[in-house]
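See below for the structure under consideration.
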Amino acid sequence: MNQENRPGGRRVAPSKPGRAVRYVLRGLLALLSTAAVLVAGLCMIMDEVFNGPSETARNRLTMSLLEASATKWVPAVFVGRETVDQIQAKVAADLPDGQSDPTQVVVRTDSSLDSDEWADYPEGLRVEEVHGDTYNAYVMLVRDPSRVYLCPSSRSYARSRPGTRITKQIETEGAAAAINGGAFFDNGTISPEVGSVPCGLVVSEGEVLWNDGSSYYGFAGFNEDNILVVSKTMSAKEAKEARIRDGCCYGPVLIKDSAVNEEAYNTNSGYNPRTAIGQRADGTVLLLCIDGRQAGSLGATYADIIDVMVEYGAVNACNLDGGSSTVMLLRDENGAVQTVNNVSLLQEEPRRMPTFFMVRPLDGK
């Protein structure tokens, strides 16, 4: 009989492998318990913010979470879908209906260029850095708006056809520069369908490529006179009447006919990576990318984007898709494509997307 099982016998210590398993299990239990406490604590804090006395804090947290793919579902858990929709709608509540007035922009000819501003940039393209309290930003100025166009990942969208990465698309196009574009299907998963098709209206070369009727709070597109038209809404019929050559949906519209969207400026946005497009009165296009979710750049609010656009003289401007989609590329003098902004360290490569705004080379080829 084994000594351990004898009456009054000495108990034999468990084997080392048995002890190791017990230690591992205890460690895992401790980790799970700690994680549960942290999650519970986080939920209590979020509930206090969502349902506390500060509407501003609630709105800012709501928008911050809505602007990230993985956390879009969280606000509705605490305040309900109806309240979330109301918070989102406020960013365009005070914006006048209708399209921006194209006569507010007069595209200047080469003979009337300000030689001091563009003397060192014969290519008519330059990038400047802007720093705010919580963000680092990059503003790309494109002198000739006819060079800026919306580039689709495909001219026949389908969920069975994945979107493309901007690093590949710029090479396919041979473009001089590029930023990410508008809204797209994103259910927060790693499905290949994410980024395959746009949301809302997409116009390319005067042709409506997509129109699923999705409701967004902004449209930005160039007409045949190379003037950026922004509007809270845009139908396919309206786009045709406005002679839109290239455009897509996201929003909100931030500046319209030199008037700031006060609701977007004062409330309802979090600190996140941002992308936006605008145009000066002389036709110069402004492409803006802002770093976020990083130690050195927390991110920007709608107010921050507006401040930058106003500083650069935008008469019209619209927010584009941001977050992990935010990226700006520029082809250097040797023909190599460089990433201008600092994308998330968690991303090995840019996301797949269905639309991009790109800049043709100076020779137009």
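The values are calculated or read from the model by the stated rules, or taken from the named source; none is laboratory data. Since the model is a prediction, treat every value here as computed from it, not as a measurement. Note that each Cβ is placed from the backbone with ideal geometry, even for glycine, and that neighbours are counted across all protein chains shown. These area figures cover heavy atoms from the full protein model, side chains too; ligands, DNA and RNA do not enter into them. Shrake-Rupley method; radii C 1.70, N 1.55, O 1.52, S 1.80 Å.
Per residue, the accessible area of the chain comes to 49 Å² when a 1.4 Å probe rolls over the protein heavy atoms.
For the chain, build the charge dipole from Cβ charges (+1 Lys, Arg; -1 Asp, Glu) around the Cα centre, then report which of N136, G323, M309 sits farthest towards its positive end. Farthest towards the positive end: G323. The mean sequence distance of close C-alpha pairs (under 8 Å, at least 6 residues apart), as a share of the length of the chain, puts its relative contact order at 22 percent.
Taking label positions 7 Å along the Cα-Cβ direction at both E349 and D332, the computed distance is 2.1 nm, reported to one decimal. The lysine pair tally for the chain, using Cα distances under 19 Å and a gap of 8 or more places or different chains, is 6.
A straight chain from E117 to E82 at 0.36 nm per residue would run longer than the Cα-Cα distance by 7.7 nm. Please report the net charge: other residues with Cβ closer than 13 Å to the Cβ of R161, K and R +1, D and E -1. Net local charge, R161 excluded: +2. Running a GNM on the chain with Cα contacts under 10 Å, which residue among T189, T284, T83 ends up with the highest mean-square fluctuation? Largest GNM mean-square fluctuation: T189. Its Cα centre serving as origin, segment 311-359 has a Cβ charge dipole (Lys and Arg +1, Asp and Glu -1) of approximately 160 debye.
Shown is the FRET efficiency for E241 and S146, computed with R0 = 25 Å from the Cβ-Cβ distance and rounded to the nearest 0.05: 0.75. Largest GNM mean-square fluctuation among S325, S196, S160, using the chain with Cα springs under 10 Å: S160. Rounded to the nearest 10 degrees, the angle from helix 16-50 to the longest Cα principal axis of the chain is 40 degrees. Taking D246, D120, D47 in turn, the Gaussian network model of the chain (Cα-Cα springs below 10 Å) assigns the largest fluctuation to D120. Set against the labelled values [x] 26.4; [y] 19.2; [z] 32.2, mean projected area of the Cα convex hull in nm² computed from this structure falls on [x].
Tell me the carbon and sulfur percent of the accessible area for the chain, rounded to whole percent, probe radius 1.4 Å. Of all accessible area on the chain, carbon and sulfur atoms account for 53 percent. Helix 302-311 and the long axis of the chain differ in direction by around 30°, with both axes built from C-alpha atoms.
Using a 7 Å offset from the Cα along the Cα-to-Cβ direction at both E224 and N187, what is the distance between the two label points in nm, to one decimal? Here the answer is 4.1 nm between the modelled labels.
Positive contributions from Lys and Arg (+1) and negative ones from Asp and Glu (-1), summed over other residues with Cβ under 14 Å from the Cβ of A40, come out at -2.
Dimensions of segment 222-365 along the principal axes, based on C-alpha atoms and rounded to the nearest Å, stand at 43, 43, 28, largest first. Counted by Cβ distance under 11 Å from S215, the other residues give a net charge of -1, where Lys and Arg count +1 and Asp and Glu count -1. Computed extension length for T56-E262: 72.7 nm, one decimal, from 0.36 nm per residue of separation with the Cα-Cα distance subtracted.
The listed residues I45, I179, once ranked by accessible area (1.4 Å probe) with the largest placed first, stand as I45, I179.
Considering helices alone, the calculated mean residue ellipticity of the chain at 222 nm is -8000 deg cm²/dmol, with DSSP H runs of length four and up weighted by -39500 (n - 2.57) and normalised per residue.
About its Cα centre, the chain has a charge dipole of approximately 2760 debye under the convention of +1 per Lys or Arg Cβ and -1 per Asp or Glu Cβ, with nothing else charged.
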